[in-house]
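> After the structure tokens below, expect a handful of questions from me.
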Amino acid sequence: TVQLTVLVDFDGDGMADTWEVQYGFNTNNVADGALDFDNDKMSNRDEYAAGTNPTDPTSLLKLSTVATNAALLQFVAQSNFAYTVQYRTNFTNASWNTLTNIGAQPSVRTVDVNNLLIPLPDERYYRVVTPQAGPF
């Protein structure tokens, strides 16, 4: 048996009303989902989906390289969120491939992702997505 909880989203902007109230948004304004109140380049709707704080510019889903190790990528994972790190070799028309999946954990943590393809291709682009991309 699985219990499913559906959160109310009165304005249909993709953000639960309880979350909008928590961060001071209007539950009757569909436009606030597309805004970026903390100017971190993530829309409020994307912050909701990623579990980050839309009022804190340092709280965002961002995949970074490690300066001392070109094969190491990092991001901050939120509690109870699963992720997929993907790559492609052409920015405009190649499909995204799964590098790795990261399961949900009960705490916020920094995740290290090793990209052990040696030698690294001349051109490679990465992203981290949530929810985790299939297959699971």
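The values are calculated or read from the model by the stated rules, or taken from the named source; none is laboratory data. Please read these numbers as outputs of a predicted model, since none were measured by experiment. Cβ coordinates were reconstructed from backbone atoms using ideal geometry, including for glycine residues, and neighbour counts include every protein chain displayed. Side chains are part of the model used for accessible areas, which takes the heavy atoms of the whole protein and leaves out ligands, DNA and RNA. Shrake-Rupley method; radii C 1.70, N 1.55, O 1.52, S 1.80 Å.
> Which strands (runs of 3 or more DSSP E) sit wholly inside the range 1-110 and have at least 2 residues that are open to solvent by 50 Å² or more (accessible area, probe 1.4 Å) and free of Cβ contacts under 8 Å to residues at least 60 places away in the same chain?
69-77, 97-102
> Taking TYR126 and the conditions (1) at pLDDT below 85; (2) open to solvent by less than 70 Å² (accessible area, probe 1.4 Å), which numbered condition does it fall short on, given that it satisfies the others?
In the conditions (1) at pLDDT below 85; (2) open to solvent by less than 70 Å² (accessible area, probe 1.4 Å), TYR126 misses (1) alone.
> Turning to a different aspect of this structure: Does the range 72-90 include one or more residues that are out of contact with any Ser or Thr (no Cβ under 9 Å at 6 or more places or on another chain) and of a type in the set (A, V, I, L, M, F, W, C)?
No: zero hits.
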